Amino acid sequence: MKKRHLLAPTLVALAALSLSACSADTTGEASSESGLTYTVVKNVDLVGSPTYDAAKKAGTVRIGVKEDQPGLGYLDAATGKRSGFDIEVARWIAASLGFDDSQVQYRAIPSANREAAIVNDDIDFYVGTYSITDKRKEQIGFAGPYLVTGQGLLVVKGEKGISSEADLAGKTVCSATGSTPVQNIKQNFPDTRTTEFDTYSQCVTAMLDGKADAVTTDQAILIGYAAQRPDELAVVGEPFSVEKYGIGVAKEDAALRHFINATLTDGGAQWKAIYEATLGKSGTTISQPPVDDYS
C-alpha cells in the first residue's frame, strides 16, 4: 500500500529533542455540535513528526474514530453530525495541531482493524475507546491515557438472570471482534459463550433479538447505549477490569505522541469541559487520569 509518508529514522531521532510547544498565534476557533470551541493553533512547533509534516502538507488530518457509540463516538445518520467524548477529544487534538473542522477527515475503523489502519498509514491517529495493551504496543504507540473505565455488562431491561459477571456461566455474551473485552471473556470466563460483530450496535441488536444474553464492553460505552434506550436496556453490576483509553499513533512517531501527551496534561480545563458536555450528562463523575509515556 502506498504510504502518505515514510517514517524517516533521522526525524525519529529528533523526537527526543522535539517537543511540543505551540505558538500562541491562532487562526480562530473550531466549534462543535456540543457548543464547545477549540483554539486552532496557527504555528505548531512540532519537530520530528513525519505524521504531522505530511498532514500539514496535505492540509488535512485523518482521524480514526467509532461512530456507533452514543456519548463517545456517534454519527447521526439523519444529520451527518458526529458527537461524543472521543469525537470532542479528536477535535481538540486536531485544533491543537492547527486543523479546523473543515480540515478533519473522520474515518470509521472497526476495532479489529485499528492497528492495521495506523501501521498502513490509513489514518494519522485514532481516538475511539482504544484500550492500551502490551500486545497493541508491539505495533503502535499510545498517547494518554485520556480516560479510564472498566469492563461492564449491558442486558435487556428486566433481565433477572444476569446481575454481574458472576452470572455469565452458560450465557452468550456479545462484543466487538478484536476488542479487549471479548478477549477477557474468552480467557477468564471459559464457561461463557461469545459471539462477535464489527460494532457494538450490532451486538445490541442481536441481544434484543434474543441471540445473546448480554453485551460486554467498557462501561462508559454501555452507559451511552442505556441512556439512548432507557426503556429497553440496563447496565448491571460493577466494572470488572481496568481499561485505559489511549490515542493510537504510529509507533515510530514519538514526537507526535509527546505532543498529544503535553496537550492532555496542560489542558485539564478543556478536558473537564468536554466530559461535562458529553459523558457527564449521564450523571457520572470521572476525573482526568494522568498521562504516561507509552511507546
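The values are calculated or read from the model by the stated rules, or taken from the named source; none is laboratory data. A quick note: this is a predicted structure, and the numbers were derived from the prediction, not measured. All Cβ positions, even for glycine, are placed from backbone atoms using ideal geometry, and neighbour counts span all protein chains on display.
Within the bounds of segment 67-87, is there any residue that is in contact (Cβ under 8 Å) with a residue 40 or more places away in the chain, more than 26 Å from ILE223 (Cβ to Cβ) and surrounded by 23 or more Cβ atoms within 10 Å (Cβ to Cβ)?
no
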Residue check: is LYS137 out of contact with any Leu (no Cβ under 8 Å at 6 or more places or on another chain) and within 30 Å of LYS56 (Cα to Cα)?
yes
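Filter segment 22-51 for residues that are at pLDDT 80 or above and either among the hydroxyl-bearing types (Ser, Thr, Tyr) or over 25 Å from the mean Cα position of the chain (by Cα) (or both) and give the result.
The initial filter retains those residues of segment 22-51 that are at pLDDT 80 or above, namely 35-51.
Hits for segment 22-51 are THR37, TYR38, THR39, LYS42, ASN43, ASP45, VAL47, SER49, THR51.
Every residue, every condition in (1) of a type in the set (A, V, I, L, M); (2) closer than 18 Å to ILE260 by Cβ; (3) surrounded by fewer than 18 Cβ atoms within 10 Å (Cβ to Cβ); (4) in contact (Cβ under 8 Å) with a residue 12 or more places away in the chain, yes or no:
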site	(1), (2), (3), (4)
SER102	no, no, yes, no
ALA108	yes, no, yes, yes
ASP124	no, yes, no, yes
GLY128	no, yes, no, yes
LEU153	yes, no, no, yes
ILE162	yes, no, no, yes
CYS174	no, no, no, yes
ASP191	no, no, yes, yes
Looking only at residues that are in contact with a strand residue (DSSP E or B) (Cβ under 6 Å, 6 or more places away or on another chain) and hydroxyl-bearing (Ser, Thr, Tyr) in segment 130-145, which one is surrounded by the most Cβ atoms within 10 Å (Cβ to Cβ)?
TYR130
Filter segment 207-229 for residues that are part of a strand (DSSP E or B) and under 19 Å from the mean Cα position of the chain (by Cα); the one that is farthest from VAL148 (Cα to Cα) is VAL215
